[in-house]
């Protein structure tokens, strides 16, 4: 007897996450015995040479052994919130412990923000290309994401004319990802001032400053948005995953910069939501605290390794016929342009065929924006130079074979 399927909600059925969706066919190939060269996911622990620092791991283990395994306060451990606030003050804005809320990574922080600020018909204005949850989550709350353009031929800089043209009373959140995922672009002080001047015209608009990669700025130009805003409210997002190399700990935070005291109702809503979901991992919070409280000179050797690998990628990619790329200013991503006529209008098919024929896994650019990411693919340049070189050899071979 054929039974009808229990229906899935439209909000769940419509969600796509390109970075992990491409893992499904890759996992099938691995189950058949193939070794996949993975340049797809921004998880530094997945690659050799970038381990979570030992003093942080030791603090996490000590917390477990000392029995710190119970619930913590819903807004985060007070000592961690205080340490994060101190770190944000170092970046230039007067954060207090009460302005910081610890979450299950930036992803949960985003869900909390959207739940506390969005109603039916509201708009989130986010860069295109962008990190997929900015497109997936707002629809759950009856809102929609509208993309503003980044300039692909000018270092993926912000297109301010496009931002201005898309602002309206319905735009409740204006997103800046800095450094950017997936393009690796870094926005400096002058551009942030210009973005603030636009947001200032719309009193109900709050800026989301996604600064999870701020410690991986190779230009020296990255600035805290909150530090430059004397009046526009800012949600600050950051955490342990990228700069402290502990993504699996799932500890991030949401900071609220409210210089004119206009966010009291939103803050109350955020606190209600946080209380309803109990707390973030207690031992992982203590591990992050050790990272914030300890010497950070270890970060330079990690960054030096990443920059060396970035430069290798720029050189290798631009030597391959059918590809173009601009060097990234931060994070550990590159957004590569497909100039080969066979693939420039079908980046997803390029990614899937490359995976099946050469066992190299990258992410299609249209997965980061169907329109503004099309004709590109994203690579992560965290694998060591041997893996990167072999991956580019295979990509070159693939493109050559399909041209002939």
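The values are calculated or read from the model by the stated rules, or taken from the named source; none is laboratory data. Just so it is clear, the structure is predicted and the values come from calculations on it, not from any experiment. For neighbour counting, all protein chains shown are included, and Cβ atoms are generated from backbone atoms with ideal geometry for every residue, glycine included.
Name the one entry in 186, 206 that is over 15 Å from the mean Cα position of the chain (by Cα) and not assigned by TED's automatic domain parsing to the domain that holds residue 337.
On inspection, the qualifying residue turns out to be 206.
Count, please, the residues in the stretch 301-326 that happen to be surrounded by fewer than 15 Cβ atoms within 10 Å (Cβ to Cβ), in contact with a strand residue (DSSP E or B) (Cβ under 8 Å, 6 or more places away or on another chain) and in contact (Cβ under 8 Å) with a residue 12 or more places away in the chain.
1
Which residue pairs have Cβ atoms under 6 Å apart, sit 6 or more places apart or on different chains, and have a first residue in the stretch 344-366 that is in contact (Cβ under 8 Å) with a residue 24 or more places away in the chain and a second that is part of a loop (DSSP other than H, G, I, E, B) and surrounded by fewer than 16 Cβ atoms within 10 Å (Cβ to Cβ)?
Close Cβ pairs satisfying both conditions: 359/34.
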